[in-house]
Amino acid sequence: MAYKEIDSVLSPGNYYFSGNTAAAEGAIAAGCRYYAGYPITPSSEIMERISIRFPEVNGAFIQMEDEIASICSVIGASWAGAKAMTATSGPGFSLMQEAIGYAALTETPMVIMDVQRAGPGTGQATRVGSGDLMQAKWGSHGDYQPIALSPWSVQEMYDLSIEAFNLAEQYRTPVFLMADEAIGHLMERMDVKPGLRIYGRFKQADLPPFGMDQDDGVPPMPAFGEVQRLLVTGSTHNEWGIRKTDDGSIHAKLVERINNKVFNNREKIILTEELYLDDAEVVVVAYGFTARSAVFAIDQIREEGCRAGLLRLKTIWPFADHYIEKIGRSARCIFVPEMNRGQIKGEVMKYAGCEVASYNQTDGEIIHPETIIQELRRLF
Amino acid sequence: MARDLEQYLRPEVKSTPFCPGCGHGILMNLLLRAVDDLKIDMKNTVFVSGIGCAAWIPSPNFNADTLHTLHGRALAFATGVKVFNPKLNVMVVSGDGDLTSIGGNHLIHAARRNLDITVICANNMIYGMTGGQAASTSPLGALTATTARGNIYRPFDLCELVKGAGAAYVARYSVTQPVALMEALKEAFSIEAFSFVEVLSPCPTQFGRRNSYDSAVDMIKMLQGNCISREEAALLSGEELKDKIITGVFWNEKG
Ligand code: SF4
């Protein structure tokens, strides 16, 4: 199966949407027809929008009793053949972690949108943060390779929502749209194009649904009721889904493949945007709302004669290791402003090979351009 | 297991994983007999289970789509399957700890929603697979790996719980009452709404040996002696009912 072009569900044109509404519309455009969720600030508008729009597109919406039930029912629906999703924020994302590992091991495509708020704990439910990125990477036990995207605009809430579904189907894995409260509640204009590229589920009878000869292959995924008599289990299983909990080599092979199928394809998966990297002495690595402030700050400081540039991470996981290595060879310093205590800075340090500076803010406020300008001045 | 039921088992499955004397084998047999009697289309049926010995009744044994899920969450997974594709028959087969303790929240909400899902809850009154710890269904005074001096908390009355939550059909029988149990399973399968059958299934390995039922036969005898019908129970005093397990159909929306 490959990509195919389809007509947009929303009529092409210009829309004035909130980020959360755009994310819901992106999901519908991508073919999502099952949604289960539980209310939580600041993500609830995604669920509300879906609940209103799904009857128009023959989608199945259900409000579940908690986030655990939500994600588990999404996995069930995915195996029943649905493109399926849930949306939440930090506390709900925490509750979902066990099932995320289940989805990774059973290779269940689904999208989870986390509109991040200021944590840990209940924290500040209505205020912004981006402290869930390492949780997205390591939240469930065991080794797996998540895919996580970070939108910086209402447009990208729409576009990356579609991308998230495409990646989930292509790699048969859970994909996270790691938005933040500021983007979720931002209102701005966005474009809907006439056509879009959609990845359809790869189905092929007679091929084992959990095996591929290549150690980074993605097997086909039939649905329940399609006469394949599927065996789906969260225990270690062979290529036909038969539980194999004693044979260490089967476990090793399975874990290796579900990691490799994402990691070895990271060059194809990773999306970034670059600004002034050709001559940049100091490169800002930023994502989400913070990248908006960074662009403003960089333009400003370049007028002062300081050669700053930007690498914007649209894909957080798998991490853009090669991009950072490359920048580390040409730039003097990499600067990472974040609404957390340095979660991505740590990753940058692993690969940079040059000086890495950071600015961390966890007061539930966005990082203002002036703050980034001040920090950058110090580095020149 | 009778030869004619073999068609419902996966050819590659050679034996059940249960301990000798476990009640789950009897339940498995009765369940497939009910499937056979009703001519249920296994190709269009999804069996969902959680974690524990009873969760292995359908997975990987049944020759149908099987979804072996997380501990406690079978009903949440089943809800997703059924809501997205209502044409599929969805049956949940799992244990008491799985469905009613860690999964208790999902159980009451699934009953409240009254989707067409059949739930078979194998109640062995203990956590079998993890080594015999107390369950929310262990009787008062029961000796378990975590209640060495006897269980001090009352067990759930699962049928009253699920009935109160809004299920359309609720019944309890023991594997020692095979004829009545099979009728209840068939009724539950036939009802197009949320139906719940609690099945007392002896666990000689973890429950029996700790509670002086030294053999599988002793456990079966205990259930035979203690399981009484609702009609019999109505004639007994509170004291006489102390160790009894009341069986029967507790609610049937159809009347
Ligand atoms: S531990 Fe108990 S419930 Fe589990 S298989 Fe053995 S006898 Fe059956």
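Could you tell me whether the stretch B:16-23 includes any residue that is assigned to a helix (DSSP H, G or I), touching a residue at least 12 places away in the same chain (Cβ under 8 Å), farther than 27 Å from residue A:238 by Cβ and more than 14 Å from every other protein chain (Cβ to nearest Cβ)?
no
Go through the stretch B:108-135 residue by residue and tally those that are of a type outside the set (Phe, Trp, Tyr) and either within 13 Å of the chain's Cα centre (by Cα) or in a strand (DSSP E or B) (or both).
Final tally of qualifying residues: 11.
What residue, of A:257, A:266, A:307, is within 26 Å of residue A:341 (Cβ to Cβ), surrounded by 17 or more Cβ atoms within 10 Å (Cβ to Cβ) and not β-branched (Val, Ile, Thr)?
On the way: A:257 fails: within 26 Å of residue A:341 (Cβ to Cβ); A:307 fails: within 26 Å of residue A:341 (Cβ to Cβ).
The match here is A:266.
So residue B:163 passes all but one of these: (1) assigned to a helix (DSSP H, G or I); (2) within 16 Å of the ligand (Cβ to nearest atom). Which condition number does it fail?
(2)
Does residue B:71 satisfy the condition of being within 16 Å of the ligand (Cβ to nearest atom), facing chain A (nearest Cβ under 9 Å) and out of contact with any Leu (no Cβ under 7 Å at 6 or more places or on another chain)?
Considered against the rule, which asks whether it is within 16 Å of the ligand (Cβ to nearest atom), facing chain A (nearest Cβ under 9 Å) and out of contact with any Leu (no Cβ under 7 Å at 6 or more places or on another chain), residue B:71 comes out as yes.
Out of all the residues in the stretch B:77-87, is one or more within 16 Å of the ligand (Cβ to nearest atom) and either away from every other protein chain (no Cβ under 13 Å) or over 13 Å from the mean Cα position of the chain (by Cα) (or both)?
no
Inside the stretch A:169-245, counting only strands (runs of 3 or more DSSP E) that do not spill past its ends, which hold 3 or more residues that are crowded, with 16+ Cβ neighbours inside 10 Å and over 27 Å from the mean Cα position of the chain (by Cα)?
none
Take the stretch A:67-100 and flag every residue that is more than 9 Å from chain B (Cβ to nearest Cβ) and under 16 Å from residue B:80 (Cα atoms). Working first, answer last.
Taking the stretch A:67-100 and keeping what is more than 9 Å from chain B (Cβ to nearest Cβ), we get A:67, A:83, A:85-97, A:100.
Passing the criteria: A:67, A:83, A:85, A:86, A:87, A:96, A:100.
Counting just the residues of the stretch B:24-55 that are in contact (Cβ under 8 Å) with a residue 60 or more places away in the chain and closer than 16 Å to residue B:200 by Cβ, which one comes out surrounded by the most Cβ atoms within 10 Å (Cβ to Cβ)?
This residue is B:54.
Find the strands (runs of 3 or more DSSP E) located wholly in the stretch A:67-139 whose residues include 2 or more that are without any contact (Cβ under 8 Å) to a residue 60 or more places away in the chain and buried (at least 23 other Cβ atoms within 10 Å of the Cβ), and list them.
Filter on the stretch A:67-139 gives A:84-88.
Do the conditions hold for residue B:153, that is, is it free of Cβ contacts under 8 Å to residues at least 40 places away in the same chain and more than 14 Å from chain A (Cβ to nearest Cβ)? Write out each step before concluding.
Details: free of Cβ contacts under 8 Å to residues at least 40 places away in the same chain: yes; more than 14 Å from chain A (Cβ to nearest Cβ): yes.
Here the answer is yes, as residue B:153 does meet what is asked.
Just wondering, is there one or more residues in the stretch B:22-35 that are among the polar types (S, T, N, Q), at pLDDT 95 or above and touching a strand residue (DSSP E or B) at 6+ places or on another chain (Cβ under 9 Å)?
Scanning the stretch B:22-35 turns up no residue that is among the polar types (S, T, N, Q), at pLDDT 95 or above and touching a strand residue (DSSP E or B) at 6+ places or on another chain (Cβ under 9 Å).
Mind checking which pairs have a first residue in the stretch B:118-144 that is within 14 Å of chain A (Cβ to nearest Cβ) and a second that is within 10 Å of the ligand (Cβ to nearest atom) and assigned to a loop (DSSP other than H, G, I, E, B), Cβ under 9 Å, 6 or more apart or different chains?
B:129/B:52; B:129/B:53
Considering only residues that are at the interface with another protein chain (Cβ under 8 Å from one of its Cβ atoms) and part of a strand (DSSP E or B), look in the stretch A:21-66 and name the one that is surrounded by the most Cβ atoms within 10 Å (Cβ to Cβ). Outline the logic, then answer.
So the first thing to find is which residues in the stretch A:21-66 are at the interface with another protein chain (Cβ under 8 Å from one of its Cβ atoms), and the list is A:33-34, A:36, A:60, A:62, A:64-66.
Next, from what is left, pick out any that are part of a strand (DSSP E or B): A:34, A:36, A:60, A:62.
Working: A:34: 27, A:36: 30, A:60: 21, A:62: 22.
Among those that are at the interface with another protein chain (Cβ under 8 Å from one of its Cβ atoms) and part of a strand (DSSP E or B), it is A:36.
Across the stretch B:24-52, what is the number of residues that are within 16 Å of the ligand (Cβ to nearest atom) and within 13 Å of another protein chain (Cβ to nearest Cβ)?
Matching residues across the stretch B:24-52 total 4.
Can you name the condition, by its number, that residue B:94 falls short on among (1) assigned to a helix (DSSP H, G or I); (2) within 16 Å of the ligand (Cβ to nearest atom); (3) within 14 Å of another protein chain (Cβ to nearest Cβ)?
Just one mismatch for residue B:94, condition (1).
The values are calculated or read from the model by the stated rules, or taken from the named source; none is laboratory data. Computed from a predicted structure; not experimentally measured. Note: ideal-geometry Cβ built from the backbone for every residue, glycine included; neighbour counts use all protein chains shown.
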